[in-house]
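Asker: Got a structure for you, questions after.
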Amino acid sequence: MAFSFKNSKGTTYYLHSTTRTLKSGKGQTLYYFAKAVKDEGALDAVPQGYEVSETANGLPVLKRIK
């Protein structure tokens, strides 16, 4: 079951991740929210060290916990 977040407008978003390879050869993990659950990349929970926040437009974003 993918992690879901319902914003203040009532729209539900699901958390996903993907790993990209940079030119230097290192891998970088990208986190994003989508309105539908995709087969690959759906996460069950928020990664450790992050929290979900909402922008003024109602879009969910992940922020690092300080």
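Asker: Using a Gaussian network model on the chain with a 10 Å cutoff between Cα atoms, which of T11, T21, T55 fluctuates the most?
Answerer: Evaluated over the chain, the most mobile residue of the options is T21.
Asker: So which residue, out of L15, L43, L30, gets the largest mean-square fluctuation from a GNM of the chain using Cα contacts under 10 Å as springs?
Answerer: For the chain, modelled as a Gaussian network with Cα springs under 10 Å, the answer is L30.
Asker: Nothing charged except the Cβ atoms of Lys and Arg (+1) and of Asp and Glu (-1): what's the magnitude of the dipole of the chain about its Cα centre? Round to the nearest 20 debye.
Answerer: Values: 10 positive and 5 negative charges, 62 e Å.
That gives a dipole near 300 debye.
Asker: Per residue, how big is the convex hull of the chain when only Cα atoms are used? Give it in Å³.
Answerer: 110
Asker: Hey, another quick one. Testing the spin-label approximation: label points 7 Å from Cα along Cα→Cβ at N57 and S8. State their distance in nm.
Answerer: Result: 1.5 nm between the two label points.
Asker: Which whole-number percentage describes the relative contact order of the chain, with Cα contacts under 8 Å and a sequence gap of 6 or more? List each step's numbers first, then the result.
Answerer: Numbers: 110 pairs, mean separation 20.6, N = 66.
RCO, the chain: 31 percent.
Asker: A further question on this structure: Label-point separation (nm) for K66 and A45, each offset 7 Å from Cα along Cα-to-Cβ?
Answerer: 2.6
Asker: In terms of Cα to Cα distance under 20 Å, which lysines are near enough to K35, apart from those fewer than 8 places away along the same chain?
Answerer: Cross-link targets: K6, K9, K63.
Here, each number is a calculation from the coordinates, and none is a lab measurement. None of the values given here were measured: they were computed from a predicted structure. Counting neighbours? That spans all protein chains shown, and the Cβs are built from the backbone with ideal geometry, glycine included.
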